[in-house]
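The values are calculated or read from the model by the stated rules, or taken from the named source; none is laboratory data. The structure displayed is predicted, hence computed values, not measured ones. Backbone-built Cβ (ideal geometry, glycine too); neighbour counts: all protein chains shown. SASA here: full protein model, heavy atoms, side chains in, ligands and nucleic acids out. Shrake-Rupley method; radii C 1.70, N 1.55, O 1.52, S 1.80 Å.
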Amino acid sequence: MIETAQAFGIDIGGSGIKAAPVNLEKGEFAEPRLKILTPEVSTPDAVAKIVRQQLDHFEVPESAPVGIAFPAPIKPGQPLDFMANLDQSWVGVDVTEVFSEAAGRPVTVVNDADAAGLAEQQFGAAKGKEGLVIATTLGTGIGTALIIDGVLVPNTELGHLILNTKHLDAEKYAASSIKEQEDLSYKKWAKRLTKYYGLLEKYFNPDLFVIGGGVSRKSDKFIPFIDVKTPIVPAELRNEAGIVGAAYYASTRQA
Ligand code: BGC
């Protein structure tokens, strides 16, 4: 692993498993990331093999903190009890144990949206923000991180809010994967996002929304059309936030 990196981050998503060594002084990749497609049948074994492959590819030394952003609520030492977008065989599994075994060293696992929120809070759009920030990731699903005066409240699963009697799981209506599947225009999608962020606003009265995920690259095409009162800004670390946040979180645990 390159010397300018102090930690290694891996982001496990519904479509790709991305990893990079991270420069924690700057909050950015120290080397270009490597993306490996998520196996179609994304069982613990199949995903753990790719984690191993990523560590080998970057020759990550055993002393380096390794953080893994994972798309489900994570309670260290407890088996997973909910999985939305990877294989259901993850339910009941101790995720940290599976990855530590595959990696041949202890690793730190954190919810992917929490990792992204932490990265934005440390290095990006939520840096220095007081009050309540809700950082969201729009991708295969919708992930959320609640940050109050700089402190993360982990494992919020607000992507699964019930929008109304017709839409019992918000992410199945408003995630960016749904925009793709239903071939929605940005404006049509923004109408759905208005319903979603409007509901978050009603219940949480946040001071700021941060929108991340791959699609945040195109934020000027949809953020201006999300009609809510709370200020909304695009994530600054964009799609890098999961990797950077996981690496940062691991470094704080291993300090
Ligand atoms: C999961 C969350 C995750 C989000 C984004 C949701 O389906 O339940 O834990 O953060 O997707 O990947």
- [ ] Of the numbered conditions (1) in contact with a Gly (Cβ under 6 Å, 6 or more places away or on another chain); (2) crowded, with 21+ Cβ neighbours inside 10 Å, Glu120 fails exactly one; give the number of that condition.
- [x] (1)
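Taking the stated definitions as given, is Glu120 among the charged types (D, E, K, R) and farther than 19 Å from Val47 by Cβ?
yes
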Open item on the list: If I go through the range 226-255 residue by residue, how many of them are part of a helix (DSSP H, G or I), open to solvent by 10 Å² or more (accessible area, probe 1.4 Å) and either touching a helix residue (DSSP H, G or I) at 6+ places or on another chain (Cβ under 7 Å) or in contact (Cβ under 8 Å) with a residue 40 or more places away in the chain (or both)?
Closed with: 7
- [ ] Look through the range 96-109, keep the residues that are of a type in the set (D, E, K, R) and in a helix (DSSP H, G or I), and return whichever of them is farthest from the ligand (Cβ to nearest atom).
- [x] Glu101
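Take the range 65-80 and flag every residue that is within 11 Å of the ligand (Cβ to nearest atom) and without any contact (Cβ under 8 Å) to a residue 60 or more places away in the chain.
Step one: filter the range 65-80 for residues within 11 Å of the ligand (Cβ to nearest atom), giving 69-74, 80.
Passing the criteria: Phe70, Ala72, Leu80.
Within the range 43-61, can one find any residue that is of a type in the set (Gly, Ala, Ser) and within 16 Å of the chain's Cα centre (by Cα)? So that I can check it myself, show each step before the final result.
Step one: of the range 43-61, the residues of a type in the set (Gly, Ala, Ser) are 46, 48.
Remaining after also requiring within 16 Å of the chain's Cα centre (by Cα): none.
No, the range 43-61 contains no residue that is of a type in the set (Gly, Ala, Ser) and within 16 Å of the chain's Cα centre (by Cα).
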